[in-house]
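Inspection log for the structure reproduced underneath, given as structure tokens.
The values are calculated or read from the model by the stated rules, or taken from the named source; none is laboratory data. Please read all numbers here as calculations on a predicted model, not as lab measurements. Cβ sites come from the backbone with ideal geometry, for glycine too, and all protein chains shown count toward neighbours.
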Amino acid sequence: MKPLSSFPKVSLGIFPTPIQKLENISKILHTNVYIKRDDLTGLGLGGNKVRKLEYLLADARLQGAQVVFTTGGAQSNHAMLTAAAAGRLGMKPILVLKKRGVTERRGNQLLEFLMGTEVIFVDTDDYNDIYEEMDRIGKGLGVPYYRIPCGGSNALGSLGYVDCAREISEQGFHADHLVCAEGSGGTMAGLVLGAKLFLPGTRVHGMMVDSDPFDIITPALMWETAALLEINPEITENDFHLMDLCGPGYAVPSGEGNEAISLMAREEGIFLDPVYTGKAFAGLIRMAEEGRFRETDRVLFLHSGGTGGLFAVL
Ligand SMILES: *Cc1c(COP(=O)(O)O)cnc(C)c1O
């Protein structure tokens, strides 16, 4: 295996992020629920994209990029964090976003306004149109540019969550179950691979908040990431599990997601978001109610951030 430390990385966040026990929710759900605070990664309003961007922007820098493009929906946490990170590293971010969702100056749009980020909306459902638009703009600028895919979910970005699994193991924490939201796949792919390498006995559950074919996307991304690490791990159906929590649609709040947000706020004073973590935690609650956790199990929930969404989407 090529060691993780051999991949260039820029420092953007504060790591390790804490792991805390959710005492009240553990009592309610009759199991041991812990939370990995990746909402406290220390850039912007925090969130999972910071770990991915440490690898992606190191690559951009090595390639001499002066402009960094990325994309997502109008309220993309990934796009907002890319703008924050690129700006800090002295590269100019340009966000080419799908004109989908809340485009007004609220939530992440407000934060991008405060950073003076250039935001371009394209009225399309197809990311290929977006990547074409990036190339058209990039070529016109006449400076080296770098394109980061939606969600930062390529093999290099997924390394961030292989590294997160290593971090959990270094914190001396054992989990029987690790639960995360799945939106573009990089977090889940990285965690499944990382658990295989660093967290023996941990099963990873991906709570799908979009309607893409994650049963195909997740393993494909995992194998790409494994190739980057020059490993060929044996991964079976037992190593991961996907559950559909999308509800009425991507970035449309769901009833059970909103109940999960309220429960976490009321019982633990921690705020989840309506697009990802609220729905993902609703999946954890559903699993507990279905009796899929034992009373002695340790269940670790990844809080992947998304706070901006509370002020735009909910
Ligand atoms: C992007 C995002 C996710 C999903 O991560 P992917 O790697 O895209 O699957 C989860 N939570 C939040 C808050 C996000 O912004």
Practice task
Check whether at least one residue in the stretch 126-139 is under 20 Å from the mean Cα position of the chain (by Cα) and either under 18 Å from Leu56 (Cβ atoms) or without any contact (Cβ under 8 Å) to a residue 24 or more places away in the chain (or both), and report yes or no.
Solution key: yes
Fill in the blank from the handout: Filtering the stretch 291-314 for residues that are away from the ligand (no atom under 13 Å from the Cβ) and of a type in the set (Phe, Trp, Tyr) leaves a count of 2
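Yes/no per residue for (1) more than 14 Å from the ligand (Cβ to nearest atom); (2) surrounded by 22 or more Cβ atoms within 10 Å (Cβ to Cβ):
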position	(1), (2)
Gly157	no, yes
Gly160	no, yes
Ile168	yes, yes
Gly172	yes, no
Asp176	yes, no
Ala181	no, yes
Gly186	no, yes
Ala195	yes, yes
Phe198	yes, no
Completion exercise
Across the stretch 123-145, the tally of residues that are assigned to a helix (DSSP H, G or I), surrounded by fewer than 17 Cβ atoms within 10 Å (Cβ to Cβ) and not acidic (Asp, Glu) stands at 8
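For the stretch 13-26, does any single residue satisfy the condition of being of a type outside the set (Ser, Thr, Tyr), modelled with pLDDT under 95 and either in contact with a strand residue (DSSP E or B) (Cβ under 7 Å, 6 or more places away or on another chain) or over 26 Å from Leu221 (Cβ atoms) (or both)? Break it down into steps so the answer makes sense when it comes.
Taking the stretch 13-26 as the starting set, the residues that turn out to be of a type outside the set (Ser, Thr, Tyr) are 13-16, 18-25.
The next check asks that each one be modelled with pLDDT under 95; those that pass are none.
So far as the stretch 13-26 goes, no, none of its residues is of a type outside the set (Ser, Thr, Tyr), modelled with pLDDT under 95 and either in contact with a strand residue (DSSP E or B) (Cβ under 7 Å, 6 or more places away or on another chain) or over 26 Å from Leu221 (Cβ atoms) (or both).
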Practice task
State the number of residues belonging to the stretch 262-288 that are farther than 17 Å from Gly73 by Cα, within 16 Å of the ligand (Cβ to nearest atom) and surrounded by 17 or more Cβ atoms within 10 Å (Cβ to Cβ).
Solution key: 10
Problem - Selection from the stretch 222-234 of residues that are surrounded by fewer than 16 Cβ atoms within 10 Å (Cβ to Cβ) and assigned to a loop (DSSP other than H, G, I, E, B) - result: Glu230, Ile231, Asn232, Pro233, Glu234
Fill in the blank from the handout: Of (1) over 19 Å from the mean Cα position of the chain (by Cα); (2) at pLDDT 95 or above, Val102 satisfies every one except (2)
Problem - In the stretch 159-192, the residues that are in contact (Cβ under 8 Å) with a residue 40 or more places away in the chain, touching a helix residue (DSSP H, G or I) at 6+ places or on another chain (Cβ under 7 Å) and more than 27 Å from Gly257 (Cβ to Cβ) - result: Leu159, Val162, Asp163, Arg166
Handout entry: Restricting the stretch 48-89 to residues that are surrounded by 24 or more Cβ atoms within 10 Å (Cβ to Cβ) and of a type in the set (Val, Ile, Thr), the residue that is farthest from Gly151 (Cα to Cα)
Key = Val68
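Within the stretch 130-163, track down each residue that is closer than 22 Å to Ala220 by Cβ and touching a Lys or Arg at 6+ places or on another chain (Cβ under 6 Å). Steps first, please.
From the stretch 130-163, those closer than 22 Å to Ala220 by Cβ are 130-131, 147-163; that's our starting set.
Once the filter is applied, which keeps residues that are closer than 22 Å to Ala220 by Cβ and touching a Lys or Arg at 6+ places or on another chain (Cβ under 6 Å), the stretch 130-163 yields Gly152, Gly157, Gly160.
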Completion exercise
For the stretch 11-25, the count of residues that are out of contact with any Ser or Thr (no Cβ under 7 Å at 6 or more places or on another chain) and buried (at least 18 other Cβ atoms within 10 Å of the Cβ) equals 3
Fill in the blank from the handout: Per the filter on the stretch 200-221, residues surrounded by 16 or more Cβ atoms within 10 Å (Cβ to Cβ) and small (Gly, Ala, Ser) are Gly206
Practice task
Would you check which residues across the stretch 1-41 are among the aliphatic types (A, V, I, L, M), more than 16 Å from the ligand (Cβ to nearest atom) and assigned to a loop (DSSP other than H, G, I, E, B) and list them?
Solution key: Met1, Val10, Ile14, Leu22
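Take Glu259 and decide whether it is more than 14 Å from the ligand (Cβ to nearest atom), on the phi < 0 side of the Ramachandran plot and in a helix (DSSP H, G or I).
On the way: more than 14 Å from the ligand (Cβ to nearest atom): yes; on the phi < 0 side of the Ramachandran plot: yes; in a helix (DSSP H, G or I): yes.
Spelling it out, Glu259 is indeed more than 14 Å from the ligand (Cβ to nearest atom), on the phi < 0 side of the Ramachandran plot and in a helix (DSSP H, G or I).
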Completion exercise
Picked from the stretch 62-99 (must be free of Cβ contacts under 8 Å to residues at least 40 places away in the same chain and in contact with a Pro (Cβ under 8 Å, 6 or more places away or on another chain)), the residue nearest to the ligand (Cβ to nearest atom) is Ala83
